[in-house]
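Single-structure report; data block below.
The values are calculated or read from the model by the stated rules, or taken from the named source; none is laboratory data. Source: prediction; values computed, not measured. Cβ coordinates were reconstructed from backbone atoms using ideal geometry, including for glycine residues, and neighbour counts include every protein chain displayed. Note: accessible area is taken over every heavy atom of the protein model, side chains too, but ligands, DNA and RNA are not part of it. Shrake-Rupley method; radii C 1.70, N 1.55, O 1.52, S 1.80 Å.
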Amino acid sequence: MPIIIRTKPFDTDFLLLTPKEQKQVLKALRFLADNPRHPSLQTHKIEDTSFIEAYANMDIRIIFERTRDTIILRAVGHHDVKGL
C-alpha cells in the first residue's frame with residue numbers, strides 16, 4: 001500500500017467541502033490507496049502536467065502526484081473551480 005502525503009493546499013480545500021463531500025473523498029482515497037485503477041475513480045493523467053486526477057463523485061476531483069510507493073495529494077474540489 002502506498003504512503004499518502006497530504007499537502008496544506010489539499011487540507012485547506014478538503015475543509016471547504018461539505019461533510020458529505022468529505023466522506024466521498026475519504027472513500028475515494030481508500031480506493032486510491034488499495035487500487036489506483038478502481039473504475040469509480042476514473043483516474044487519468046492531466047494533459048501536459050505531472051499531475052493525475054481521480055474523481056470522488058461526478059463533481060469532486062482529487063489532484064495528486066504518484067511515485068512508485070507514494071501518493072502526494074495536491075488539491076481537491078469541485079471540477080469547475082478555477083485551478084482544479
For Pro2, net neighbour charge (Lys/Arg +1, Asp/Glu -1) across residues whose Cβ lies under 14 Å away:
+2
Residues of the chain: accessible area per residue at 1.4 Å, in Å²?
67
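About the Cα centre of the chain, how large is the charge dipole given +1 on each Lys and Arg Cβ and -1 on each Asp and Glu Cβ? Please answer in debye to the nearest 20. List each step's numbers first, then the result.
Working: 13 positive and 11 negative charges, 50 e Å.
Roughly 240 debye, rounded to the nearest 20.
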If amide hydrogens are placed 1.01 Å from N in the peptide plane, which non-local residues have theirs closer than 5 Å to the one on Phe51?
Ile46
Leaving ligands, DNA and RNA out of it, report the carbon-plus-sulfur percent of the accessible area of the chain at a 1.4 Å probe.
58
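Can you pull the Rg over Rh of the chain, Cα-only, Kirkwood? Can you show the working numbers first?
On the way: Rg = 11.6 Å, Rh = 12.6 Å.
Taking Rh as the inverse mean 1/r over Cα pairs, Rg/Rh reads 0.92.
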Return the sequence-ordered ³J(HN,Hα) values of region 58-73 in whole Hz as given by the Karplus equation 6.51 cos²θ - 1.76 cosθ + 1.60 applied to θ = phi - 60°, using x for Gly and Pro.
5, 10, 9, 10, 10, 9, 8, 10, 9, 10, 3, 10, 9, 10, 9, 7
Antiparallel DSSP beta bridges within the chain, percent to nearest 5:
75
